[in-house]
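Q: If you scroll down you'll find the structure; I have some questions about it.
The values are calculated or read from the model by the stated rules, or taken from the named source; none is laboratory data. Note that this is a predicted model, so its numbers are computed, not measured. When the accessible area is computed, the model is the full protein with side chains, heavy atoms only, and any ligands, DNA or RNA have been set aside. Shrake-Rupley method; radii C 1.70, N 1.55, O 1.52, S 1.80 Å.
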Amino acid sequence: MAAYRKILVAVDGSKPSAKGLREAIRLAQAERAKLFIVHVVDEYPALAALDGMMAGAPGADLVPALREGGKRILAKAKAVTDKNRLPAKTILREMLSG
């Protein structure tokens, strides 16, 4: 019986994140586990920077840009799992923290 049935790996586009993804792929293949890849977009810093600014200010498009960046990071990670013939589910989680 496998020790792991589900594996969650967080990615942020960094080199350490890529290493973590490779290790998660290796472990998921060895354990025949399902792999879930998550990227979290924390909107608070972007919204805090806009506090007091008028709509249309230079930073107003930051949150959508963060979302798009997260989607690109997940797509790149998914391409790596596809190359390794490992099905994986990607999750983009948006949160507003403070």
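Q: Can you list the aspartates and glutamates whose alpha carbon is less than 14 Å from that of LYS71, not counting same-chain residues fewer than 8 positions off?
A: ASP12, ASP42, GLU94
Q: Let me ask you something else. When the chain is fully extended, how far beyond the present Cα-Cα distance does ALA3 get from MET95, taking 0.36 nm per residue of separation?
A: Going from the current span to full extension adds 30.0 nm.
Q: Can you give the accessible area of ASP82 in Å² (nearest 10), computed on protein heavy atoms with a 1.4 Å probe?
A: 80 Å²
Q: Could you name the aspartates and glutamates in cross-link range of LYS15, using Cα to Cα under 14 Å and dropping any fewer than eight places away on the same chain?
A: Result set, ordered by chain and number: GLU23.
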